[in-house]
1. Being touching an Asp or Glu at 6+ places or on another chain (Cβ under 8 Å) and either within 14 Å of chain A (Cβ to nearest Cβ) or within 17 Å of B:Gln25 (Cα to Cα) (or both) is the filter here, so list the residues in the range B:100-114 that pass it.
2. Could you go through the range A:84-98 and let me know if any residue there is more than 14 Å from chain B (Cβ to nearest Cβ) and not small (Gly, Ala, Ser).
3. Report, by residue number, each residue of the range A:56-76 that is under 19 Å from A:Gln37 (Cα atoms) and either open to solvent by 10 Å² or more (accessible area, probe 1.4 Å) or β-branched (Val, Ile, Thr) (or both).
4. All but one of (1) surrounded by fewer than 14 Cβ atoms within 10 Å (Cβ to Cβ); (2) touching a residue at least 40 places away in the same chain (Cβ under 8 Å); (3) not charged (D, E, K, R) hold for A:Ser85; which doesn't?
5. Has the range A:32-53 got at least one residue that is open to solvent by 20 Å² or more (accessible area, probe 1.4 Å), within 12 Å of chain B (Cβ to nearest Cβ), in contact with a Phe, Trp or Tyr (Cβ under 7 Å, 6 or more places away or on another chain) and touching a residue at least 24 places away in the same chain (Cβ under 8 Å)?
6. Output the number of residues of the range B:74-99 satisfying the condition of being closer than 29 Å to A:Trp34 by Cβ, outside any loop (DSSP other than H, G, I, E, B) and away from chain A (no Cβ under 14 Å).
7. Just for the range B:49-73: of the residues that are within 14 Å of another protein chain (Cβ to nearest Cβ) and assigned to a strand (DSSP E or B), which one is least open to solvent (accessible area, probe 1.4 Å)?
Amino acid sequence: GQNIDQPTEMTATEGAIVQINCTYQTSGFNGLFWYQQHAGEAPTFLSYNVLDGLEEKGRFSSFLSRSKGYSYLLLKELQMKDSASYLCAVSYSGAGSYQLTFGKGTKLSVIP
Amino acid sequence: DGGITQSPKYLFRKEGQNVTLSCEQNLNHDAMYWYRQDPGQGLRLIYYSQIVNDFQKGDIAEGYSVSREKKESFPLTVTSAQKNPTAFYLCASSMNFRHRDGYTFGSGTRLTVV
């Protein structure tokens, strides 16, 4: 089965750095995604990791350790617009294709 | 521009009524999905379809039905059997075997029972 855990809420200060952790147990692992979702809107793609290590994309970075079943999303130079929910999603092999299983999301509040 | 369109954005349903949520994509994606999102629950899979004329139940399919007669369209019907239908519904699509692209999501439909 698939089980994904991430913190429910986090608060951080504008200009600071925040790390959102995600742990998972799944079979047929194909990769891990992070999505950003503002309230009442569609999730949007942030990052994808399939190999161990750090992927950097501007102010956002994502790390994966497959042996530990662990990932984190790092947000630098926080801005007020970064207040949103961040969804960790694991890709696993299905019958002839793949599917994503989502964590419950971490609601990040950025304060002045 | 290619994308995935959900309509309507807001929908109100009376008790005992069936309603249908629309989802259309012009991305030439093979697979389409329906998720339900409740506060504190994350995204829960209702139904998915990997190919035209075929679909599979997800984790919470009871009280819902779907069809996939065209590649571009994957409508979701919320039936009167669904006991607690008030939620935010998200449709998504993806290309089979291109998993690093992930899913593309529609903008969602917020359904309220009145």
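1. B:Ser107, B:Gly108
2. Taking every residue of the range A:84-98 in turn, none turns out to be more than 14 Å from chain B (Cβ to nearest Cβ) and not small (Gly, Ala, Ser).
3. A:Lys57, A:Gly58, A:Arg59, A:Phe60, A:Tyr72, A:Leu74, A:Lys76, listed by residue number.
4. (1)
5. Taking every residue of the range A:32-53 in turn, at least one turns out to be open to solvent by 20 Å² or more (accessible area, probe 1.4 Å), within 12 Å of chain B (Cβ to nearest Cβ), in contact with a Phe, Trp or Tyr (Cβ under 7 Å, 6 or more places away or on another chain) and touching a residue at least 24 places away in the same chain (Cβ under 8 Å).
6. Here the count works out to 1.
7. My answer is B:Ser49.
The values are calculated or read from the model by the stated rules, or taken from the named source; none is laboratory data. Since the model is a prediction, treat every value here as computed from it, not as a measurement. So basically every Cβ, Gly included, is an ideal-geometry build from the backbone, and we count neighbours across all protein chains shown. Side chains are part of the model used for accessible areas, which takes the heavy atoms of the whole protein and leaves out ligands, DNA and RNA. Shrake-Rupley method; radii C 1.70, N 1.55, O 1.52, S 1.80 Å.
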